[in-house]
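J.: Before I ask anything, let me first share the structure, which is written out below as structure tokens.
The values are calculated or read from the model by the stated rules, or taken from the named source; none is laboratory data. Just so it is clear, the structure is predicted and the values come from calculations on it, not from any experiment. Ideal geometry is used to build each Cβ from the backbone, glycine not excepted, and the neighbour counts take in all protein chains shown.
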Amino acid sequence: MSDWSAGYVSDIEYLPGFYREQGPAHLTLSCLINGIAPPSTANGFDYCELGCGHGTTVALFAAANPQGRFHAVDFHPAHIARARDAAEAAGLTNISFHEASFAEMAEGEGPDLPEFDFVTLHGVYSWVSPMNRGAIARFLAKKLKPGGLVYVSYNAMPGWAPMMPLQRLLYEYSGLVHQRSDVQVKAGLDFAEQLYKAGAKILGDEAMFGKLRGETKAKNSTEQSVYLAHEYLNGSWQPLYHVDVARELGEAKLTYAGSATLFENYPDLSLTPDQRAALDSIGVPSLRETFKDYCVGRPFRRDVFVRGARRISVAKRDAMLRDMAMAMIIPRADARTTIQVPLGEATLEAKHYEPIFDALAEGPRRIGDLMELPEIRRAGGNLSAVEIAGMLTGSSQAIPVPNPPETVTPLPGVLAHNRAAANELATSEGRKSTALAASIGGAGLHVSTMEALLYDGLGEGVPETLDALVAHAMRRLDAPENADDASRKAIADSMGWCMANSLPVWRKLGMIG
Ligand SMILES: C[S@@+](CC[C@H](N)C(=O)[O-])C[C@H]1O[C@@H](n2cnc3c(N)ncnc32)[C@H](O)[C@@H]1O
């Protein structure tokens, strides 16, 4: 491990990834659900990502929020070089990537930066040393505006406790293997599995090994090893209790505002009545939140902190939410009223949500307008703006649109970003997904390789017919001219599905010209 990385895995680059919870609109909604005033975003805002990796997330937000000014920082030169190249290919002019360490940023030795409305860190805080966490807090103390928000995700205790023995084994074993980190972690996993099969009592179970080894839907096997190396082999990695994070960030005058995992903000979706009653007796918010983790058992937290929590009345909060729009991000046929929440499965009232899905399938609508739909008025009941916003966004069926425009017009920056991102995936070896930006809501959506091939083909002027797009996909995939009927049919079925389902959604969100 090199000296400059202070024990952080730096011999291999991290993976690109898009995390929608870091978006300004999503963070704005997290605050409103919890009755806290968010920063205003309509007329411009300043946003910073710390530990940005390849910059995939922040670049998408820059494309989708032309009124925002974006900065992103990472100490790995390969990450910053890659991020700059991608931003240039997408023609982004409202983002700068900086190669700097958290310590340099805290001491003012890094780039000259403005004060920020939003600072986000994903997959960083529990992976770096206490000294670096202190540097992050000092940077926030200096550079977050009053009223500004911080998104910080981390591996959380006690939910992570069952996996800690395995992490320790992988970390110690890697010292015996003088190779690259991804090779070390694979060797460590082989050894751990050998011990498990030999009857070791505390190394998890079959399902855990399957999950660690298995290629997930989003990663191929090389990416999985890179992910595991960054997850398990960092010298200072340590899952954290919420109360400790709240104390550390309290030094920067930050107060916990709520969770960016939206369902966790609704007590009746996260805790049983008995658990709620027990936790009600705990008067210290950071301890109540920590003890909640003992009930929920979540191994990963996405916390939103605010510098100066401005509480707003329920009436004002509801008025702000009614003025916000929702934009559906899935085909109407996939909309569902049965959703997964921390307590298990929950069911949304069909009499309310089916008419809402019908209306949103036509295009984005203000929440206030959804509440006034004739079917909903006839159905009666106590549907609230905070429920609609949280349930639709939390179940990944819609995105919030804080400043809805009259009509959705594709933004030039969004189109340029999407063409570059789709082309990058369509021509990459083995990667399985990327994300495309929307011209509404300042956010984006994950897309599969076939969806990227569709986008790429249309961007290149391929006619919008199944035959032409399948031929384009086969060229990009280097499929042989004489590919058998079964391969051709598999590509055609998948492309046909994307044309019928994804394309209409992209058009409604202004993702494609
Ligand atoms: C697990 S990766 C997460 C990357 C990205 N946020 C994501 O989720 O895709 C952590 C990132 O933090 C960066 N990093 C680690 N320690 C750092 C430090 N002391 N200063 C600046 N960047 C650091 C790493 O280079 C890496 O890109």
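J.: Could you tell me whether the stretch 24-38 includes any residue that is more than 25 Å from ALA260 (Cβ to Cβ) and buried (at least 20 other Cβ atoms within 10 Å of the Cβ)?
T.: So in the stretch 24-38, the residues more than 25 Å from ALA260 (Cβ to Cβ) come out as none.
Taking every residue of the stretch 24-38 in turn, none turns out to be more than 25 Å from ALA260 (Cβ to Cβ) and buried (at least 20 other Cβ atoms within 10 Å of the Cβ).
J.: Hey, among the residues in the stretch 279-291 that are free of Cβ contacts under 8 Å to residues at least 24 places away in the same chain and surrounded by 13 or more Cβ atoms within 10 Å (Cβ to Cβ), which one's nearest to PRO158 (Cα to Cα)?
T.: Residues of the stretch 279-291 free of Cβ contacts under 8 Å to residues at least 24 places away in the same chain: 279-284, 288, 291.
Filter once more, keeping what is surrounded by 13 or more Cβ atoms within 10 Å (Cβ to Cβ): 279, 282, 288, 291.
On the way: LEU279: 16, ILE282: 18, ARG288: 14, PHE291: 9 Å.
The extreme case among them is PHE291.
J.: Follow-up question, since we're still on this one. Taking the stretch 292-317, which residues are part of a helix (DSSP H, G or I) and surrounded by 14 or more Cβ atoms within 10 Å (Cβ to Cβ)?
T.: Of the stretch 292-317, the ones part of a helix (DSSP H, G or I) are 292-296, 314-317.
LYS292, ASP293, CYS295, VAL296, ARG317 - these are the residues of the stretch 292-317 that are part of a helix (DSSP H, G or I) and surrounded by 14 or more Cβ atoms within 10 Å (Cβ to Cβ).
J.: Is it the case, given these coordinates, that LEU113 is under 22 Å from PRO66 (Cβ atoms), of a type in the set (A, V, I, L, M, F, W, C) and part of a strand (DSSP E or B)?
T.: Spelling it out, it is not the case that LEU113 is under 22 Å from PRO66 (Cβ atoms), of a type in the set (A, V, I, L, M, F, W, C) and part of a strand (DSSP E or B).
J.: So which pairs qualify, if the first residue must be in the stretch 234-257 and on the phi > 0 side of the Ramachandran plot, the second must be crowded, with 19+ Cβ neighbours inside 10 Å, the Cβ gap must be under 9 Å, and the two must be at least 6 apart or on different chains?
T.: Once the first residue is on the phi > 0 side of the Ramachandran plot and sits in the stretch 234-257, its partners that are crowded, with 19+ Cβ neighbours inside 10 Å give LYS253/LEU140; LYS253/LEU144; LYS253/ARG307.
J.: With respect to ALA468, is the statement that it is of a type in the set (A, V, I, L, M), surrounded by 23 or more Cβ atoms within 10 Å (Cβ to Cβ), in a helix (DSSP H, G or I) and at negative phi true? Steps first, answer last, please.
T.: Values: of a type in the set (A, V, I, L, M): yes; surrounded by 23 or more Cβ atoms within 10 Å (Cβ to Cβ): no; in a helix (DSSP H, G or I): yes; at negative phi: yes.
When the stated conditions are applied, ALA468 does not pass them.
J.: Quick check on LEU113: is it among the hydrophobic types (A, V, I, L, M, F, W, C) and either touching a Phe, Trp or Tyr at 6+ places or on another chain (Cβ under 8 Å) or more than 16 Å from the ligand (Cβ to nearest atom) (or both)? Reasoning before the result, please.
T.: Numbers: among the hydrophobic types (A, V, I, L, M, F, W, C): yes; either touching a Phe, Trp or Tyr at 6+ places or on another chain (Cβ under 8 Å) or more than 16 Å from the ligand (Cβ to nearest atom) (or both): no.
Criteria not met by LEU113.
J.: Could you go through the stretch 82-92 and let me know if any residue there is touching a residue at least 24 places away in the same chain (Cβ under 8 Å), assigned to a strand (DSSP E or B) and touching a His at 6+ places or on another chain (Cβ under 7 Å).
T.: No - not one qualifying residue is present in the stretch 82-92.
J.: Which one of these is of a type in the set (Asp, Glu) and farther than 24 Å from ALA6 by Cβ: GLU49, GLU107, GLU99, GLU115?
T.: Values: GLU49 fails: farther than 24 Å from ALA6 by Cβ; GLU107 fails: farther than 24 Å from ALA6 by Cβ; GLU99 fails: farther than 24 Å from ALA6 by Cβ.
GLU115 is the lone residue from the list that is of a type in the set (Asp, Glu) and farther than 24 Å from ALA6 by Cβ.
J.: Would you mind finding the one in MET328, MET320, MET324 that is modelled with pLDDT of 95 or more and in contact with a Pro (Cβ under 6 Å, 6 or more places away or on another chain)?
T.: Numbers: MET328 fails: in contact with a Pro (Cβ under 6 Å, 6 or more places away or on another chain); MET320 fails: in contact with a Pro (Cβ under 6 Å, 6 or more places away or on another chain).
So the residue among MET328, MET320, MET324 that is modelled with pLDDT of 95 or more and in contact with a Pro (Cβ under 6 Å, 6 or more places away or on another chain) is MET324.
Per-residue answers, yes or no, for (1) in contact with a helix residue (DSSP H, G or I) (Cβ under 8 Å, 6 or more places away or on another chain); (2) within 16 Å of the ligand (Cβ to nearest atom); (3) closer than 24 Å to LEU509 by Cβ:
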| position | (1), (2), (3) |
| --- | --- |
| TYR19 | yes, yes, yes |
| ALA25 | no, no, yes |
| THR28 | no, no, yes |
| GLY55 | yes, yes, yes |
| ALA64 | yes, no, yes |
| HIS71 | no, yes, no |
| ILE80 | no, yes, no |
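J.: Turning to a different aspect of this structure: How many residues does the stretch 134-156 hold that are more than 10 Å from the ligand (Cβ to nearest atom) and either among the charged types (D, E, K, R) or closer than 25 Å to LEU15 by Cα (or both)?
T.: Of the residues in that region, 10 qualify.
J.: Additional query: I need the full set of residues from the stretch 382-391 which are touching a helix residue (DSSP H, G or I) at 6+ places or on another chain (Cβ under 7 Å) and not in a loop (DSSP other than H, G, I, E, B), in order please.
T.: ALA385, VAL386, ILE388, ALA389, GLY390
J.: Does the stretch 2-19 contain any residue that is within 20 Å of the chain's Cα centre (by Cα), among the small types (Gly, Ala, Ser) and in a helix (DSSP H, G or I)? Explain how you work it out, then say what you get.
T.: In the first step, residues of the stretch 2-19 are kept if they are within 20 Å of the chain's Cα centre (by Cα); the result is 13-19.
With among the small types (Gly, Ala, Ser) added as a condition, the list becomes 17.
Then keep just the ones that are in a helix (DSSP H, G or I); that gives none.
Taking every residue of the stretch 2-19 in turn, none turns out to be within 20 Å of the chain's Cα centre (by Cα), among the small types (Gly, Ala, Ser) and in a helix (DSSP H, G or I).
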